[in-house]
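Worksheet: one structure, shown below.
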Amino acid sequence: MTPPPGVFDLPLPDLPLEAGARVTSHVARGWWWGPEQDLPWLRSRAHILPEEKVRENTLRVVRRTKEELQALAETPRPNGPARPDNSVPTVLLVHALTGDMRAGGAGGWWEPVIGPGKVFDPERVRLLCFNNLGSCYGSSGPADEGFPRRVDDSRFSPPEPLAKGDLRLNEHQLPATITPWDQARAILQALDALGIERVSLVTGGSLGGMILLCLAVLDPERFERMVPIAAAAEASTWVVGWNHVARQALLLDPEFPEAPARGLELARQLAMLTYRAEPGLDSRHGKNPGWSSRALYPMQSYLEYQGQKLRARFDAQSYLALLGAMDHHDLSRAPQGEPDGTWGISRIRASTLAVGIDNDQLFYPEHMKKLAERLRAQGQHAEYAEISSIHGHDGFLIEWGRLDALLRRALALPPGGGGGSRAQAVEPLTEVNLLLLGRGTVGGNLLEQLRSQQSVLAREHGAQLRVTGIVDTRHLLFDTRGVPLNQWRERLDQTQRSGSGPGDVLDVLERLRRLPTPVLVDCTAADGMGFLYAEAFKRGIHVVTANKKPLALPWESREQLFSTARANQRAWHYETTVGASLPVIRTLADLVRTGDRVRLIEGCLSGTLGFLCDQLTQGLPLSKAVRLARERGYTEPHPRDDLLGLDVARKALILARELGLVVSQEDVEVEPFVPKQLLAEDDVERFLTSLEAWDKAFASRIEGLRAERRVLRYLARVEPPAKEGQLPVLKVGPIAVPQEHPAARLRGSEAFVAFTTERHTEWPLLVQGAGAGGAVTAAGVLADVLEVARASTGRALARSA
Ligand SMILES: NC(=O)c1ccc[n+]([C@@H]2O[C@H](COP(=O)([O-])OP(=O)(O)OC[C@H]3O[C@@H](n4cnc5c(N)ncnc54)[C@H](OP(=O)(O)O)[C@@H]3O)[C@@H](O)[C@H]2O)c1
């Protein structure tokens, strides 16, 4: 049983700051989560806060008097081990500007990636995070009585006397200058006080990333791996510029320095605009549908809310100190007290995974990319990876699936620092969480394949595929720990859906979104799934589907779905919708991507109709062939649905749209397999009997074709217009093909697609094989899921190679 996380106070030696002031009665407030065996050590080194006090102080400014600080330093601690168990690796987290030390547990800033069974698992590693020096959540900072002021920055000469009314330089009203070197030194003091000599991995984003870079430079031997995210080796002029304006907003508040309120709100509002990128803001705070000259735009209320929230929870002097720290970040400047000469990145020995965010407008991803390049050039192990996020800089607090994958990768980096000679870490798995809709032929086979293949998938693909939910028309099962795959049927059958609408599935999507690499897998043939896909994309969930219907929606609705997926940077895979596990969509996409021009697509796309054609050619009467197909489970419950040709028409439509043709269902000319008048019969048995009247006609047609060396096939044709102004040809129907035609060779329920293109003219490019069946279709769905897993890790890592 893992104990709950704890918060502790740690009295530390005085800390001389870079600019010359000195922090006395120095204290760091820390957060710990780890194995039970850590507790005697932690109790002997630090004062663990009672739970009520932690709750009471959560995101509340801590202001301590000198006496309180003194008393803390003098409180005795029980005897116990001076060092923690070395066999448990230590992971150090460094928080960003206004965060606190509570990285995990309920409300922690990285809660979704920390906890039992998650990437940072307190049963396997010791997690530590300290409130940064200068902050106001329990470590020494300007909110404490006696914290030094700017006038104490003794290393630099005092400023010119103030002009009357000029607040900017009134040094008595400003906190002492703090730099990330100072903040890193405070953390090193805390690690020393706890007896932690080695840190297996240190990570953090934004200001946290800057501080951890300072740690890796100041004490290169101590840190084996580091993951700076959305940070830089020095504060750019851009960052300094934004901080300057934010600071002015605060200083100009009429209540400064006693209790600036609006100024702090404005500073935060301005900062929020640099933390978030336009696409994310648009998607979450788009304009009101109605217009009014008085109502706030959603974006305005969002900023007001953010401003007020920070004012209620943060200290203005701390905010100034921390903005200043960011400004003064520069790894190439030797920190005060250290010799000049070789300083900066060249001292780093940690193996590095530097992470940028593609839409980051505060710390452009190039900074992280360059850092990795520099480290590689000096012989370090360094990789670069990018988080793709519509939200920009704050992506490191939002994109959980990607973060999970990257942190797993980081844990597996070979150790640098002083641990270079140790054995390589074990490659952790990429966790993918599936919500499966439909447990029929395809869904059922998929669950069976996942059960039997789990260890192979982990070994060969590095993917841990967990089924967290299964839904059919009457049952809904969801378990964040994963559904045991040898009991899924019993577990699912014990549940009941709460209604017939999509409401309960939406609730489950809300829970799924919080898990690493969430994927919605649709193995139904249900209508209306497009709505659920859109809701999934908006929640950052990928979609894999075997269901053709959402792809055959009217053109605008389908486009809307694609654009929602793109806007949220989610994957949508549907390879099985045309040829079960045959790589039809992928082949077509590759032809188009490489600039080939498709002139004709021909295919036998229905396993059921292929089987019927084959049986008829072998001499079986029509009515018997349909009965046989039905007995073997190849047809829909009413075989009419196959014989209508609508399913093939949908597949032709999907292929045509993949070519970029703006076409709809009505544009596909459909000739059913049997005469239309037969298809009106609703009763299955009467329908099958009615086919007997056509046995003769079909037999003589087949005979006639045989004499002409031709065979009957149910063929789909997609022919893009050869010239501008012409219309595309989309046709599905029974057709007689010569014996040399590739379709003539098909046997049983085999399917084929032939692409005639500018490059493949003489011999069309053929894709052929089993075109239906639960097992092959499920395998195709699984391949699509693995593609999502690969893209969420492999692509970025490959880019860094
Ligand atoms: N079978 C193949 O060879 C093949 C090949 C390529 C593509 N596909 C496509 O794959 C999909 C599944 O085919 P299948 O043969 O597995 O069908 P199936 O055996 O009829 O199974 C369909 C499943 O979907 C469930 N379902 C229906 N509506 C639902 C809803 N609104 N919400 C949640 N679950 C719902 C059903 O639940 P109940 O059990 O409660 O009825 C059933 O479990 C279809 O779109 C099909 O066109 C199939």
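The values are calculated or read from the model by the stated rules, or taken from the named source; none is laboratory data. Because the structure is predicted, anything quoted here is derived from the model rather than measured. Here Cβ is always computed from backbone atoms with ideal geometry, including for glycine, and neighbour counts include all displayed protein chains.
Table for the structure above
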{"quantity": "Qualifying residue in region 405-416 (condition: within 16 Å of the ligand (Cβ to nearest atom), modelled with pLDDT under 95 and more than 18 Å from the chain's Cα centre (by Cα))", "calculated": "no"}
{"quantity": "So P254, is it within 30 Å of Q569 (Cα to Cα) and at pLDDT 90 or above", "calculated": "no"}
{"quantity": "Filter result (of a type in the set (S, T, N, Q) and surrounded by fewer than 18 Cβ atoms within 10 Å (Cβ to Cβ)) within region 618-647", "calculated": "Q618"}
{"quantity": "Matching residues in region 358-389 - criterion: being under 20 Å from N243 (Cβ atoms) and either in contact with a His (Cβ under 8 Å, 6 or more places away or on another chain) or in a loop (DSSP other than H, G, I, E, B) (or both)", "calculated": "D360, Q361, L362, F363, Y364"}
{"quantity": "Residue list for region 650-662, restricted to those being buried (at least 23 other Cβ atoms within 10 Å of the Cβ) and within 16 Å of the ligand (Cβ to nearest atom)", "calculated": "K651, A652, L653, L655"}
{"quantity": "Test: residue in region 263-271 that is at pLDDT below 95 and either closer than 21 Å to A567 by Cα or among the acidic types (D, E) (or both)", "calculated": "no"}
{"quantity": "Hits in region 575-594 - residues which are part of a helix (DSSP H, G or I), touching a residue at least 40 places away in the same chain (Cβ under 8 Å) and within 16 Å of the ligand (Cβ to nearest atom)", "calculated": "T576, T577, V578, G579, V584, I585"}
{"quantity": "Region 737-768, subset hydroxyl-bearing (S, T, Y) and not in a strand (DSSP E or B), residue farthest from the chain's Cα centre (by Cα)", "calculated": "T761"}
{"quantity": "Some residue of region 529-539 being within 19 Å of G440 (Cβ to Cβ), over 18 Å from the mean Cα position of the chain (by Cα), away from the ligand (no atom under 11 Å from the Cβ) and touching a residue at least 12 places away in the same chain (Cβ under 8 Å)", "calculated": "no"}
{"quantity": "Given (1) at pLDDT 95 or above; (2) closer than 26 Å to D647 by Cα; (3) touching a strand residue (DSSP E or B) at 6+ places or on another chain (Cβ under 6 Å), number of the condition A546 does not satisfy", "calculated": "(3)"}
{"quantity": "Verdict on R717 being more than 16 Å from the ligand (Cβ to nearest atom), surrounded by 15 or more Cβ atoms within 10 Å (Cβ to Cβ), basic (K, R) and over 23 Å from G619 (Cβ atoms)", "calculated": "yes"}
{"quantity": "When residues of region 437-455 are limited to those that are of a type in the set (A, V, I, L, M) and within 24 Å of the chain's Cα centre (by Cα), the one farthest from the ligand (Cβ to nearest atom)", "calculated": "L450"}
{"quantity": "All positions within region 120-148 that are surrounded by fewer than 19 Cβ atoms within 10 Å (Cβ to Cβ) and more than 27 Å from the chain's Cα centre (by Cα)", "calculated": "E145, G146"}
{"quantity": "Residue under evaluation E666, criteria (1) surrounded by 14 or more Cβ atoms within 10 Å (Cβ to Cβ); (2) under 47 Å from the mean Cα position of the chain (by Cα); (3) part of a helix (DSSP H, G or I), criterion not met", "calculated": "(1)"}
{"quantity": "Filtered residue count, region 683-707, keeping only those that are surrounded by 11 or more Cβ atoms within 10 Å (Cβ to Cβ) and in a loop (DSSP other than H, G, I, E, B)", "calculated": "0"}
{"quantity": "Checking A525 against (1) touching a helix residue (DSSP H, G or I) at 6+ places or on another chain (Cβ under 6 Å); (2) within 12 Å of the ligand (Cβ to nearest atom), the condition it does not meet", "calculated": "(1)"}
{"quantity": "In region 257-273, the residues that are surrounded by fewer than 20 Cβ atoms within 10 Å (Cβ to Cβ) and either polar (S, T, N, Q) or in contact (Cβ under 8 Å) with a residue 60 or more places away in the chain (or both)", "calculated": "P257"}
{"quantity": "A277 surrounded by 14 or more Cβ atoms within 10 Å (Cβ to Cβ), touching a residue at least 24 places away in the same chain (Cβ under 8 Å) and closer than 24 Å to D100 by Cβ", "calculated": "no"}
{"quantity": "Test set (1) part of a loop (DSSP other than H, G, I, E, B); (2) over 33 Å from the mean Cα position of the chain (by Cα); (3) β-branched (V, I, T) - V151 fails condition number", "calculated": "(1)"}
{"quantity": "Cβ-Cβ under 7 Å pairs, at least 6 apart or on other chains, region 52-65 side closer than 17 Å to F8 by Cβ, far side of a type in the set (D, E, K, R) and part of a loop (DSSP other than H, G, I, E, B)", "calculated": "R64/D144; R64/E145"}
{"quantity": "Residue among A186, A193, A231 that is surrounded by 21 or more Cβ atoms within 10 Å (Cβ to Cβ), among the small types (G, A, S), in the same structural domain as A71 (by TED's automatic domain parsing) and touching a residue at least 40 places away in the same chain (Cβ under 8 Å)", "calculated": "A186"}
{"quantity": "Of all residues making up region 458-498, the number that are under 22 Å from T441 (Cα atoms) and either of a type in the set (S, T, N, Q) or more than 16 Å from the ligand (Cβ to nearest atom) (or both)", "calculated": "12"}
{"quantity": "Options L588, L506, L512: the member that is within 21 Å of the chain's Cα centre (by Cα), of a type in the set (A, V, I, L, M) and surrounded by 21 or more Cβ atoms within 10 Å (Cβ to Cβ)", "calculated": "L512"}
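Residues are listed down the side, and each one gets a yes or a no for (1) in the same structural domain as W763 (by TED's automatic domain parsing); (2) more than 16 Å from the ligand (Cβ to nearest atom); (3) under 31 Å from the mean Cα position of the chain (by Cα); (4) in contact (Cβ under 8 Å) with a residue 60 or more places away in the chain:
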position: W555; (1), (2), (3), (4): no, yes, yes, yes
position: A571; (1), (2), (3), (4): no, yes, yes, yes
position: D596; (1), (2), (3), (4): yes, yes, no, yes
position: L605; (1), (2), (3), (4): yes, no, no, yes
position: L609; (1), (2), (3), (4): yes, no, no, yes
position: P621; (1), (2), (3), (4): yes, yes, no, yes
